[in-house]
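The block underneath contains the structure these notes are about, expressed in structure tokens.
Since every read-out is calculated from the coordinates, none of them should be taken as a lab result. Just so it is clear, the model here is predicted, and its values are computed rather than measured. Positions of Cβ are generated from backbone atoms using ideal geometry, with glycine treated the same way; all protein chains shown enter the neighbour counts.
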Amino acid sequence: MEIVMSRTTLDITLLSGHIGAEIHGLDLAALDDSSFALLKQAFLEHQVLILRDQQLTRDQHIALGRRFGDLHVHPMAKGPEGYPEIFPIEAGKNSSNDPKAIRGGKRAVNGGNWHSDVSCDEEPPLGSILYLRDVPPAGGDTLFASGYAAFEALSPALQSFLEGLTAVHSGEATYRLHYGNQAAQDRSRFGFRSDQPYPEAVHPVVRTHPETGRKSLFVNRGFTREIVELSHTESQALLEYLYRHQETPEFSVRLHWQPDSIALWDNRCTQHRAIFDYAGQVRRGERVTIKGDRPYLRRENDREPQWGLVG
């Protein structure tokens with residue numbers, strides 16, 4: 001197997017002021033420890049990375065994910081035979097992002113609304129690695145938004161208020177629409193409760209990243225249902241404000257795909273949205289997702305910094 005030379009630097013092009021970078025000249029199928037350490041450092045710093053002209057087998061894709069940690073298996077979607085860790089991404093002529101059309105039998109487009117991958121899990125994924133082999137000639141971009149930038153742009157008073165709140169993340173609305181017609185699956189061997197049809201968890205509204213120590217907003221349209229400590233009306237109004245705030249263009253980057261591109265993103269401090277502007281065209285690939293840990297809520301009044309589980 002070809003092994004790359006040990007590196008001391010990466011060739012990086014920044015893609016926006018707050019989030020995103022493109023890495024040039026790195027073969028993800030042949031990373032030595034030195035090169036992977038630099039990749040991981042860039043991943044933590046830039047939150048979203050893209051690399052072009054990559055050639056990975058499924059086994060190599062999975063092996064790359066496992067260098068970051070244990071792999072996550074989706075609570076609803078079934079992977080290819082023998083590869084439960086693979087999440088298929090496919091859109092074609094029969095695909096739609098319209099709920100009415102999906103209920104009528106169209107195939108749901110993956111990630112067509114703002115979300116952080118599977119944030120409804122008790123231990124939401126650390127990150128995702130998406131490998132797109134086939135992309136439309138135009139369109140099919142992915143938007144990413146930085147939770148760091150969104151949180152840091154808020155006033156200190158609102159930051160302080162939000163840090164005391166928790167929110168319910170539920171997979172029911174999204175997964176019922178996308179997978180409502182499929183037979184129920186027993187996912188208990190992958191760590192999911194077999195008596196709970198859709199995953200649900202409570203997480204802090206402001207999440208402290210376990211590796212960088214930076215704070216970010218951790219709510220998203222796809223899975224966040226309500227803020228626990230507020231009334232329904234207050235909760236919906238505040239969430240809508242936070243969603244719109246996070247979607248501010250200054251906090252985001254638009255990733256343009258080319259065939260055989262790989263994107264890596266940190267689900268702990270970003271959210272994303274796949275743009276469906278290529279109806280009738282094909283967009284196809286596979287995603288590997290890395291297991292994360294349960295977000296913690298910091299106790300501000302503790303004499304020494306401690307962490308307490310939410311929920």
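Side notes on the structure shown:
- With the simple model of a label 7 Å out from the Cα in the direction of the Cβ, A63 to D98 spans 4.6 nm.
- Mean-square fluctuations from a GNM of the chain, with a 10 angstrom spring cutoff on Cα atoms, peak among H209, H232, H115 at H232.
- Partner lysines for K106 [C-alpha distance under 28 Å; skip if fewer than 8 residues away on the same chain]: K78, K93
- Other residues within the sphere of radius under 12 Å centred on the Cβ of F223, judged by their own Cβ, net out at -3 (K and R +1, D and E -1).
- The H on the amide N of Q271, modeled in the peptide plane, is under 5 Å from the matching H of A145, G147, each at least 5 residues off or on a different chain.
- Computed over neighbours whose Cβ is under 15 Å from that of G139, the net charge equals +2, Lys and Arg +1, Asp and Glu -1.
- Prolate/oblate/rounded call for segment 11-309, Cα gyration tensor, a/c under 1.5 rounded: rounded
- Site pair L154 and Y198 shows an inter-label distance of 2.5 nm when each label is modelled 7 Å from Cα along Cα→Cβ.
- Unit charges at the beta carbon, dipole of the chain: most positive-side option, Q55, Q281, V202: Q281
- Computed packing ranks the peptides 221-229, 100-108, 242-250 as 221-229, 242-250, 100-108, most packed first, by mean other Cβ atoms within 10 Å.
- Cβ-Cβ distance of E229 and D27, R₀ of 41 Å, FRET efficiency by 1/(1 + (r/R0)^6): the value works out to about 0.25.
- Average Cα contact separation per residue, the chain, under 8 Å, 6 or more apart, as relative contact order %: 32 percent
- Sites T248 and E81 - FRET efficiency at Förster radius 25 Å, r taken between beta-carbons, to 0.05: 0.05
- Each DSSP beta bridge with both residues in segment 7-139 is either parallel or antiparallel, and the antiparallel ones are about 50%.
- Cut-off 9 Å between beta-carbons: net charge of the residues surrounding R284, Lys and Arg +1, Asp and Glu -1: -1
- From helices alone, the chain scores -6000 deg cm²/dmol at 222 nm; the rule is -39500 (n - 2.57) for each run of n ≥ 4 DSSP H residues, then divide by the residue total.
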